[in-house]
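Below is one structure, written out as C-alpha cells; comments come after it.
The values are calculated or read from the model by the stated rules, or taken from the named source; none is laboratory data. Small disclaimer: the values here were computed from a predicted structure and weren't measured. All Cβ positions, even for glycine, are placed from backbone atoms using ideal geometry, and neighbour counts span all protein chains on display. Each accessible area value is taken on the protein alone, full model and side chains, heavy atoms only, with ligands, DNA and RNA left out. Shrake-Rupley method; radii C 1.70, N 1.55, O 1.52, S 1.80 Å.
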Amino acid sequence: MEIISPLSSPSLLLLYSLLLSAAAAAAASSGDDSTLVYAACSNLKYDPNSPYQSNLNSLLASFANAAALSTYSNFSSSFAGSVAPILGLYQCRSDLSLPDCASCVRSALPQLSALCPSATAATLQLRACFLRYGNDSFLGRPDNSLAFKRCGPAATSDHTSTMSDMALSSLAAPGEAVGPFRLGVAGHVRGAAQCVGDLSPEDCGTCLADAVGQLRADCDDAESGDLYLGKCYARFWSGEGDDSSSAHRRWLYRALWLLSGVAVANI
C-alpha cells in the first residue's frame, strides 16, 4: 500500500496548485483583501532621520520587493549605524497569487506608516496580508496572545451553528501535512486559518488549536467570527447565497480542504 500526500504526487500537486489559483480569483472577487483588520503600535518612538528610521525604511522596502516573489519572508536590517537590528516579516494569505500578494503588501505599507507613525515596533493585519517589525527577537517565537476578535450577528438556526463547528474542526486538525494555511467547509459555512510562516509545525498546531477553541467559545452562536492571535488566526463565515459565484467558491474550498487534509491510499 502506497500512501500519497497531496504535495508528493505530481498530478495532485498540479491539481492543488490550479485549485489554489482558482480560489484566489474567487476570494479576490469579494473585494475585501485590503480591508483593515487591526493594527498595533508601540508607544516608543524613533527620532526622525535617525539610523533606526534608515534601517526601518530599508526593511519596509525589502517587504515591497520580496512580496512579488514569495508570499512569506522575514528580514533583519542593520544597514545604518550601530543601533540594534530591526527584525520584520510579511505574510500573505497562501491562496493569493504573487501579484495580489505584492499588491496587498504595498497597500499595507502606507497604512502602517499612517497608523503607527515613528513607532519602533508595529503590526498591521489586512484581510489578505500581515506585516510586523520591531527590535525584539520575535522571529520563530510562539505568540498566542489575543490580538483581535469579532463575532458576527447571531446565527438564524441551529443548523448554522452545527455547520460552523464542523468547519472549525477541520481548521484545528493536527498534523504537519495539513500545513500552515487551512480551508474548511461544511454546508454553507466556510472557514480559513493560517499561521505565520516563522512558526514550527508544532507551534503552528498549538496556535491554531487555541484560536479555534477561543473562536468556538466566544462566537459559537454567530453567523461569522474572526479571531487573531499573535502568530495565527482562524475565521468562519456563512455563505447563504445560492448564486453561481457562491456555489463555485464553496466547491473550490471543499476541494482544497479535501486535498489539504486527506491522504490518498493506493493499494
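The table for this structure:
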| read-out | value |
| --- | --- |
| Where labels lie 7 Å past Cα in the beta-carbon direction, separation of SER97 and ASP220 in nm | 4.3 nm |
| Packing rank of 128-140, 41-53, 111-123, where each peptide gets the mean count of other beta carbons within 10 Å, highest leading | 128-140, 111-123, 41-53 |
| Full-extension gain in nm, ALA114 to LEU36, via 0.36 nm per residue minus C-alpha separation | 26.8 nm |
| Solvent-accessible area per residue, Å², over region 190-237 with all protein chains present [probe radius 1.4 Å] | 28 Å² |
| Potential lengthening between SER50 and THR156 on full extension [0.36 nm per residue; Cα-Cα distance subtracted] | 32.7 nm |
| Residues with amide H under 5 Å from that of ALA222, placed H, sequence gap 5 or more | ALA155 |
